[in-house]
Amino acid sequence: MKLRELVVFGACAFAGSAAVHMVFFGGDSTQAEGEADKGTVVKANRFELLDKGGKVRGHFSMGENGQPNLWLADNNGYDYVQLQDLTGMEPIGELRKAIKEVADRKELEADRVVVSHILISFAGAGVPGAKGSLQDAEKLTAEIYKRLNAGEDFETLRKQYTNDTGPKTYTMTSQSRKGMVAAFGDTGWRLKVNETGVAGYDNKKSPYGFHIIKRLE
């Protein structure tokens, strides 16, 4: 039974990454497994953090409040890192998987693509009226995407949540696509008709936030 999903923040010299995503499971002993940003698989078993080769690179301890603390090996010493509890954040993991799955596809052949979309932006992204942080935007995008997958109506949610003040639908051709946000067209051309996907935030390809896109034609 999954107890909690956690993200480790801090220097992870063995992984070459600033964050390790881990999932903790229940049982007689605390166990966990996860994946660093660069793909290094790490495992925690009996409060020891092991790298892919089985070498111990850190230790866990439980605080008085029941939250785990982590010490990571960093050269000759340890970096203290407090784990952030992300209980209930499973939709974000599903969203990130969905974004990657669509991005990894090949583009479909089509002279034009017609889409509707829900823009979820955040303060500072240059979208009038957008509020909250980037993290808030990702969380809301994940919640909306989950509701869409559960069968809720796209247009109803678009009217309720979008930060886009443009038209209801966008018709893109290979020419008009060049003048749009790159991730918008990249995602639209990878979706089948009536399929919904998400273009994740990227400061170059998708600088205004998250685009939940439904291909109509």
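Bear in mind that the values in this text are calculations on the coordinates, not laboratory data. All figures in this text were calculated on a predicted structure; none of them were measured in a lab. Using ideal geometry, Cβ is built from the backbone for each residue, glycine included, and neighbour counts are taken over all protein chains shown.
Among Val198, Val113, Val181, Val193, which comes first, then next, by fewest other beta-carbon atoms within 10 Å?
The fewest-first ordering by Cβ neighbours comes to Val193, Val181, Val113, Val198.
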When Glu143, Glu152 are arranged by how many other beta-carbons sit within 10 Å of their Cβ, fewest first, they go Glu152, Glu143
Along Cα→Cβ, 7 Å out, is where each label goes; now give me the distance between the ones at Glu107 and Asp136 in nm to one decimal. 3.5 nm
Tail fraction, Cα-Cα pairs, region 90-215, threshold 23 Å, whole percent: 23 percent
Other residues with Cβ under 13 Å from the Cβ of Thr171 give, with Lys and Arg +1 and Asp and Glu -1, a net charge of +2
Going down the list Lys178/Lys205; Lys97/Lys131; Lys97/Lys168; Lys106/Lys159, which pairs span over 20 Å between their C-alpha atoms? Lys97/Lys131; Lys97/Lys168; Lys106/Lys159
Place a point 7 Å from Cα of Ala123 in the direction of its Cβ. Which residues in region 134-159 have their backbone N less than 11 Å from it? 134
